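The values are calculated or read from the model by the stated rules, or taken from the named source; none is laboratory data. Just so it is clear, the model here is predicted, and its values are computed rather than measured. Quick reminder, even Gly has a Cβ in these numbers, built from the backbone with ideal geometry, and neighbours come from all protein chains shown. Side chains are part of the model used for accessible areas, which takes the heavy atoms of the whole protein and leaves out ligands, DNA and RNA. Shrake-Rupley method; radii C 1.70, N 1.55, O 1.52, S 1.80 Å.
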Amino acid sequence: MGLIESPEVGKAERMMMEDKLTSLPDEILQHILSFLDTKMAVQTSVVCKRLRYLWVSLPVLSIDSESFRYYSSFSDFVLSVLSRKDASSNICKFWFDISNPIYSSIQMCIDSHDLFEPLVKRVIDHVVDHGVQHLSFHFPRIVDELPRLFYCQSLKTLELLEIIIPPNTNLDFHTLTSLHLVKCSFILDGEGTLDPFQCCFNLKNLVISDCRIPSRVKSFEISAPQLTNLTISRMEHVRNLNPHCKIVLTSTKITSFKFVESHILEFSIPALPFIESVDVDALLADYLFGNEGLAKRKFVSHLIEMLRAIGGAEIVGLSFETLTMLSKFPDVLRCPSLFSRMKVLKVKVPHGPSSFTIPDKIITSLFSGSPTKDFRVEHLKKQQGRAQERLYI
């Protein structure tokens, strides 16, 4: 027979564990609590007196609407947390997600914008006034109060998800060093050029993923002067932007350039003397062109010109699909070769190293100009699916 633990023994063990936990210094306990969702961290205050007020000085807030059934209870919780936070302790990191399921349940309400606006304003005011350095903000609506964040001098890292940026708004984040835009939408009144990053004077890292650019935009400029790492991903014709929209990059300090899981776009890229690594996974939008060979050739030419502009990289990543597509248009690959300093070629293949061999004509056309003729080829298995990129701040 197995031994049955008496209630007295179980209670004694729990008390002993509680004593060990509560004997830890405040700094250790706060570090542990910072890994919890804020709602759960607040709930620990009822466990024992020792934990009752620790959460008010946590340097991390993580607030998600998913665990709330009603918007009123969610709003009350957020306002209570913000009002009871220790004013003398700054918040280093703040995750705020008001996307599911509350938003879905009332998004058809005519006055839903007015319903959300006071809470969103309160959150943004708190970010600005309490020294938040890293912010992740998920809210699938237009955010009229977004420009208020421009005045947050402490903010260094910002992730915006599904946000609709107010019409004709430049993202004037003067102190920001990293910006990650996922499924965000730009709005432009009239036609012409959109240059949202021109006042991001200290921006070094920029990710644009699955964002919507109005079809009337003819030129989308990326002109942050200190930009060094640029990633553009999941940009598709029609769904995300006009096929004839040109991406104009004016930043000359780029060291890392990624253009992945996207349809071929026309780029205008200046000389990049500091470029070190590139990663390209570009596809033709066959459903737009059908059998129109001239149209396909035009977009393949756009791809060639982009590769030529980033051809000074030493580490080059190309997908199986991109290489296969280039091999079908050998006459478009003109001399001189596209990559002049390449030392490592990383090929992303669907199934493994043995399933694909790079044609000799592609090697010659793309890499014959590299001084190192014995460059290393690495085969990387391409990840399947479209897992959402996140910025873990």
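Here are some notes:
- Residues satisfying the stated conditions in the range 232-278, i.e. among the polar types (S, T, N, Q), touching a Lys or Arg at 6+ places or on another chain (Cβ under 8 Å) and open to solvent by 20 Å² or more (accessible area, probe 1.4 Å): Asn242, Ser268
- Checked against (1) of a type in the set (Ser, Thr, Tyr); (2) open to solvent by less than 30 Å² (accessible area, probe 1.4 Å); (3) touching a strand residue (DSSP E or B) at 6+ places or on another chain (Cβ under 7 Å), Thr177 passes all but a single condition, namely (2).
- Within the range 173-194, residues that are farther than 21 Å from Asp144 by Cβ have Cβ atoms under 9 Å from residues that are surrounded by 20 or more Cβ atoms within 10 Å (Cβ to Cβ) and among the polar types (S, T, N, Q) in these pairs: His180/Ser136; His180/Ser209, counting only partners at least 6 apart in sequence or on another chain.
- Which numbered condition Val300 misses (of (1) assigned to a helix (DSSP H, G or I); (2) at pLDDT below 85; (3) open to solvent by less than 70 Å² (accessible area, probe 1.4 Å); (4) of a type in the set (A, V, I, L, M, F, W, C)): (2)
- Scanning the range 237-264 for residues that are closer than 15 Å to His302 by Cβ and not in a strand (DSSP E or B) yields Asn242, Pro243, His244, Cys245, Ile264.
- Qualifying residue in the range 195-209 (condition: under 16 Å from Ile165 (Cβ atoms), open to solvent by 30 Å² or more (accessible area, probe 1.4 Å) and without any contact (Cβ under 8 Å) to a residue 40 or more places away in the chain): yes
- Look at the range 34-57: where a residue is closer than 11 Å to Val81 by Cβ and a partner is charged (D, E, K, R) and surrounded by 16 or more Cβ atoms within 10 Å (Cβ to Cβ), sitting 6+ places away or on another chain with Cβ atoms under 7 Å, you get Val56/Lys85.
- Meets criteria (modelled with pLDDT under 90 and not in a helix (DSSP H, G or I)) for Met342: yes
- Whichever residue in the range 136-157 is without any contact (Cβ under 8 Å) to a residue 24 or more places away in the chain and open to solvent by less than 40 Å² (accessible area, probe 1.4 Å) and, among such residues, is nearest to Gln198 (Cα to Cα): Leu146
- Considering residues of the range 312-333 that are open to solvent by 10 Å² or more (accessible area, probe 1.4 Å) and small (Gly, Ala, Ser) only, the residue nearest to Pro273 (Cα to Cα): Gly312
- Leading residue by the ranking (farthest from Gly131 (Cα to Cα)) among those in the range 82-93 that are touching a residue at least 40 places away in the same chain (Cβ under 8 Å) and more than 27 Å from the chain's Cα centre (by Cα): Lys85
- Boolean, Lys348 is part of a strand (DSSP E or B) and modelled with pLDDT under 85: yes
- Among the residues making up the range 40-66, none is within 25 Å of Pro140 (Cα to Cα), touching a helix residue (DSSP H, G or I) at 6+ places or on another chain (Cβ under 6 Å) and open to solvent by 40 Å² or more (accessible area, probe 1.4 Å).
Table: residues versus (1) within 17 Å of Met235 (Cα to Cα); (2) assigned to a loop (DSSP other than H, G, I, E, B).
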site	(1), (2)
Leu158	no, no
Asn170	no, yes
Thr175	no, yes
His180	yes, no
Leu188	no, yes
Cys200	no, yes
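- All conditions in (1) open to solvent by 60 Å² or more (accessible area, probe 1.4 Å); (2) closer than 20 Å to Ala309 by Cα; (3) aliphatic (A, V, I, L, M); (4) outside any loop (DSSP other than H, G, I, E, B) hold for Leu294, with the sole exception of (2).
Yes/no matrix, rows are residues, columns are (1) closer than 24 Å to Asp195 by Cβ; (2) more than 22 Å from the chain's Cα centre (by Cα):
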{"residue": "Thr228", "(1), (2)": "yes, no"}
{"residue": "Pro243", "(1), (2)": "yes, yes"}
{"residue": "Ser262", "(1), (2)": "yes, no"}
{"residue": "Ala295", "(1), (2)": "no, yes"}
{"residue": "Lys298", "(1), (2)": "no, yes"}
{"residue": "Glu314", "(1), (2)": "no, yes"}
{"residue": "Leu318", "(1), (2)": "no, no"}
{"residue": "Glu321", "(1), (2)": "no, yes"}
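- Check on Glu305, closer than 18 Å to Ile232 by Cβ, at pLDDT 95 or above and open to solvent by 40 Å² or more (accessible area, probe 1.4 Å): no
- Residue within the range 213-226 that is assigned to a loop (DSSP other than H, G, I, E, B) and touching a residue at least 40 places away in the same chain (Cβ under 8 Å) present: no
- Top-ranked residue in the range 210-223 [being polar (S, T, N, Q) and open to solvent by less than 30 Å² (accessible area, probe 1.4 Å); ranked as farthest from Glu145 (Cα to Cα)]: Ser219
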